[in-house]
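Coordinate-derived values only; no laboratory data. Fair warning: this is a prediction, and the values are worked out from it, not measured in the lab. Cβ: placed from backbone, ideal geometry, glycine included. Neighbour counts: every protein chain shown.
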Ligand SMILES: Cc1cc2nc3c(=O)[nH]c(=O)nc-3n(C[C@H](O)[C@H](O)[C@H](O)COP(=O)(O)O)c2cc1C
């Protein structure tokens, strides 16, 4: 019997972002930082970065407009890479920022490429005040045949000290009945 594996898939954007009420430049995105923490506790998991061929502006004000346009258009931006063998994973830890209340459109491109039937998805969302927003409902609609655990919201500005939330994510990944 083969051991089912866990994949950590995440979207994260480097550049200017809104942090605790002001614009700051983030050399590493918040989800990038969070994923490193998860990886340290779950070294057996594989990691996949969801990224778009066309990059968003590093300028926050420009980026929020680009993201708004894509949301309105229900865009499915092209991704830079594919997961090698999705069939080997039974659990997907899925990290993304809250963009206008939902995950970036690239996350939906990702969710629509593969067959998630019967797989467990553990969503976590970094944000600056809106929490999970409508992200769980939207993910459910995109992959109705997957088994979603409760989502974990993480304040982006606290990404470097979110051990409690990281433990919640790990508990969901391990303990939610198979
Ligand atoms: C395009 C865009 C839209 C955003 N919209 C929201 C929002 O609606 N609500 C919110 O709480 N934070 C919003 N934010 C803030 C991000 O969710 C937050 O900074 C997140 O931690 C970024 O994660 P990342 O650095 O991994 O990309 C937005 C940020 C961007 C760039």
Listed by range, strands (runs of 3 or more DSSP E) wholly within segment 7-65 having at least 1 residues that are under 21 Å from residue 170 (Cα atoms) are 46-49
If we ask which residues in segment 24-54 are surrounded by 14 or more Cβ atoms within 10 Å (Cβ to Cβ), over 16 Å from the mean Cα position of the chain (by Cα) and away from the ligand (no atom under 11 Å from the Cβ), their number turns out to be 1
